[in-house]
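S.K.: Supplied in structure tokens, the structure appears directly below.
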Amino acid sequence: MSVQPAVAAELPTPAEFGRAFTALEKEIGKVVVGHRDALRQILIAFFAGGHVLIEGVPGIGKTLIVRSLGEALDLSFSRVQFTIDLMPADVTGTRILEETESGRRSMVFVPGPLFTHVMLADEINRSTPKTQSALLEAMQELQVTIAGTTHLLPSPFFVLATLNPIEMEGTYPLPEAQLDRFLFKVPLAYPAVDEIREIVRETTGALTPKIQPVFDVEPAVRVNQLRRLVREVIVAPEIEGYVARLVRESIPDVTENERVKSYVSFGSSPRGAQALVLGAKVVALLNGRVNVAFSDVEAIAPVALSHRLVLNFAAETEGVTPRSIVDHLIEVARKWQR
Amino acid sequence: MDPLSNLDRVASRLNRLALQRALYRTVGLALLSAAALGAASFWLEPRSFRLLFSGLVLLCVGVGFFSFVRLRTAWARRIEAARWVEREADLDERLLTLVSAAESGRELRLWPELEQDNRTQLPRWENESLGIRRVPANVSLLAAGLIAAIAALLPFGEAPAPLPFGSPAVEGLLGQVEGEGPQRSGAIPQPGSGEAEGELSGEGGKGVGEGTGADGALARVQTELREQFQRSLVARTLGGGSEGEPGEPPSGIRGDLPESDRTEQPTQDGGVTPPEGMGLLVEGQDEGEKEETVRRLNPEGGEDTTASQKGGMREGEAPKSGEGKGAPSDGKGKEGEQDPNAELLVSEDATPKVGGAGGSGPGDAKATAPLLAKAPLDLSKGRGRARFSLTLGGASGSEGGEGGTAMAEPQSYIASGERGAQAEDRRIRHESVPPEYEGVIKRVFERKS
């Protein structure tokens, strides 16, 4: 049976995707020292059309990464520092009464910082759940409805939220349902000694590296083309089945896995499977393939599934982390691959 | 080359291999089982043989069914072949995706790239690089089965041991013998007669080896019996026939031994000693007393004598006919004397004092029935432990016979027309018969009333 190729209108090739991705990594790497894996995962989520939650202590370059991404893509960038008194309208925008020159008054919508291509929601867990929900709804729907009027967010729309794992007092941890809306949760580790030395050298000198845009013209259109290419990557039914089993295996109510049953309270939702496949598609393109392999799924599973697992008290007391559970699931799932 | 075409070739090769595996496994096991059965048939008891046979048949059927099921599950279509190639060549699911996409028929924008990608990967999984075996490893099972079958089933070297009685083959032979009519089952042919020779040797029109093919085992049995009969008959004096009759032994061996030679020692004048173990057992008239008498043939004396091991004429025993060339006996037995032809005349006639043909002396004959009056043996078709033995002289009584002291011959139920044949029969009935032939002998020599 032959398959007729669809008309590939304005669709970049996998090679072009790889070149763009590599260029982005290189440009951002000019100012972000280290964190190469984290940066790669952030870019994967970006091209997969998802949002990323970055967890790390202050001062390790979270904001710098996001700002550098915006600059490299030559896309609009905004930053919102979430605090306890931040209101939803402060994020989404609000209607104000405006008087025209003729004296007429009307309500005019003033877009908030949400209306941008790349948004940094810094320390999102410090705002109230109401504000968090307003942001997360926009992330999911890519639109904001205010006073009965729906406002579409610009495309591409990418949210990078950060979580500060310390100073938890007075914070509002994100509910699991809201955590689920982030494609990846990327942990930022402390830089190594060499990386710190390079950070010092790069940021304390007279010359500050300048990021050059990767796309010369219409960067947003180009990014969207690359995102469409990602969606076109072919997934075999075996891969889909593997992903589905992997996700279902994380649910303690249905799995036979003793480790999962012992330490996991709630497993991954189907969004986890979506995140796995979308992220694996990007990884496949980065590996020069137009098909997803099992190894692509394995590579992306830790950042796609860890924040979707809710561990129980036993896991906390025994020091079991979501990442270790995911690693265990990947090991178990290897036998399903063949 | 097109990746999908190459995949089809790989699938066909995998299927051939799976088919070979199933075939070799099943046939090899069947051959091994047949060889084991062939070997076991020489030494296993029938019951054990049947058990082994059933077990091996079940095993073969089970393995055959398992091979069929496994062949069915292992039969590789394109997608299964793609999985196998992925395992072997580690193509990062390129081929699997290609096959899936081709079978789904969906419109794919990246189909050309996928096809091209697979084409560039093709050298990694061409036939030669995959190393698919042309012959599966379990061909050794087939070879072992063939070797075992050749070794165990083909007849070479020594002739196989006789089949155990009770086996279906022997039972079939016996049934065949029974079906050959009264001539075979009823009467013993006269030794020396043409009919007898023809039948025993298989040269006659009714030879055993003729026709059904069977029947090497029965032929061997009969051949051996014939030889034993001949030895036995030659060793003994045949008292029933007239001189010059066909089959009559030479006159020189019909005479009685002199009294001095009535011992178990071989005669000095060329008398023939019966083979070992073929001496006639004679039961004395006294309870429990048995004497084994060994007849000696005296070519000159013409007197048939019987040497008593334990000596002494049994009281009341009647002298019997059977003198070779001598005058007819008077039929009177003397107390304490022994008629040397007593046993030989036992079945001569139910009527006392009937003269033998050709000058043989008449004598009181004992009936056959009392002589066979022992309880019938249950030979269990040759598998029993009991031995087939007949004894003479078991009858007692004073009926018939002149002189009062002579033992009277009871009335025989045998028709007079069969007397001649039964006289010969009587000479062989005390043979020590090998246990494995008992069943055959009983059937062959069975008299039908």
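The values are calculated or read from the model by the stated rules, or taken from the named source; none is laboratory data. Here the structure is a predicted model, which means the values were calculated and not measured. Cβ atoms come from the backbone with ideal geometry, glycine included; neighbour counts cover every protein chain shown. Note: accessible area is taken over every heavy atom of the protein model, side chains too, but ligands, DNA and RNA are not part of it. Shrake-Rupley method; radii C 1.70, N 1.55, O 1.52, S 1.80 Å.
S.K.: For B:R119, what accessible area in Å² do you get when you roll a 1.4 Å probe over the heavy atoms of the protein chains, rounding to the nearest 10?
M.R.: My reading of the accessible area for B:R119 is about 100 Å².
S.K.: For the range A:85-131, run through the GluC sites (Glu not before Pro) and keep only the ones in DSSP coil with at most 12 other Cβ atoms within 10 Å of their Cβ.
M.R.: Sites meeting the loop and neighbour criteria: A:E101.
S.K.: Turning to a different aspect of this structure: Say each of A:R248 and A:T321 gets a label point 7 Å from the Cα, pointing the same way as Cα to Cβ; how far apart are those two points in nm?
M.R.: Taking the simple label geometry, A:R248 and A:T321 are separated by 3.0 nm.
S.K.: Do the alpha carbons of any pairs in A:K26/A:K130; A:K26/A:K185; A:K62/A:K335; A:K26/A:K281 sit beyond 31 Å of each other, and which pairs?
M.R.: Beyond 31 Å: A:K26/A:K130; A:K62/A:K335.
S.K.: How much length is gained if the chain between B:S432 and B:S5 is pulled fully straight, taking 0.36 nm per residue apart and subtracting their Cα-Cα distance, in nm to one decimal?
M.R.: 145.7 nm
S.K.: Mind running the shape call on the range A:204-338? Use the C-alpha gyration tensor, a ≥ b ≥ c as the square roots of the eigenvalues: rounded below 1.5 for a/c, prolate if a/b tops b/c, oblate otherwise.
M.R.: Oblate, because a/c is 1.5 or more while a/b does not exceed b/c.
S.K.: Give me the 1.4 Å probe accessible area per residue for chain A, excluding ligands and nucleic acids, in Å².
M.R.: Averaged over the residues of chain A, the accessible area is 47 Å².
S.K.: Heavy atoms of the protein only, probe of 1.4 Å, neighbouring chains included. What is the accessible area of B:V433 in Å², nearest 10?
M.R.: B:V433 has an accessible surface of roughly 20 Å² with all protein chains in place.
S.K.: What's the extension gain from A:W336 to A:F313 if we count 0.36 nm per residue and subtract their Cα-Cα distance?
M.R.: Contour length minus the Cα-Cα distance gives 5.3 nm.
S.K.: OK, next. Modelling each spin label as a point 7 Å along the Cα-to-Cβ direction, I'd like the A:Q143/A:F266 distance in nm, to one decimal.
M.R.: 2.7
S.K.: With a 10 Å cut-off between alpha carbons and a GNM built on chain A, which of A:E238, A:E258, A:E298 moves the most?
M.R.: A:E258
S.K.: How large is ³J(HN,Hα) for each residue in the range A:90-96, as worked out from phi by the Karplus curve 6.51 cos²θ - 1.76 cosθ + 1.60 (θ = phi - 60°), to whole Hz, x for Gly and Pro?
M.R.: Per-residue couplings from phi come out as 5, 9, 7, x, 8, 9, 10 Hz.
S.K.: Compute the accessible area of each residue in the range A:285-300 twice, once for its chain alone and once with every protein chain present, using a 1.4 Å probe on heavy atoms, and list those whose area falls by at least 40 Å².
M.R.: Output list: A:R289, A:V290, A:N291.
S.K.: Rounded to the nearest 100 Å², what is the buried accessible area between A and B, both sides summed, probe 1.4 Å?
M.R.: 2300
S.K.: Taking only Cα atoms and a 10 Å spring cutoff, compute GNM fluctuations for chain A and point out the largest among A:A89, A:A192, A:A138.
M.R.: Comparing A:A89, A:A192, A:A138 in a Gaussian network model of chain A, the most mobile one is A:A192.
S.K.: Can you list residues whose amide H is under 5 Å from A:S250's amide H, if they're 5+ apart or on another chain and H is modeled 1.01 Å from N?
M.R.: A:S268
S.K.: Report, by chain and number, residues whose modeled amide H sits under 5 Å from the one on A:H151, excluding near sequence neighbours (fewer than 5 apart, same chain).
M.R.: Excluding prolines and chain starts, which carry no amide H, the hits are A:V144, A:T145, A:I146.
S.K.: Where Rh is the Kirkwood radius over the Cα pairs of the range B:3-153, the temperature 37 °C and the viscosity 0.692 mPa s, what D in µm²/s does Stokes-Einstein return?
M.R.: 181
S.K.: Right, another one. Rounded to the nearest 0.05, what FRET efficiency do B:R220 and B:W43 have when you use their Cβ-Cβ distance and R0 = 25 Å?
M.R.: My answer for the efficiency is 0.85.
S.K.: Related question: Report, largest value first, the span of the C-alpha coordinates of the range A:238-297 along each principal axis, in whole Å.
M.R.: 40, 17, 15
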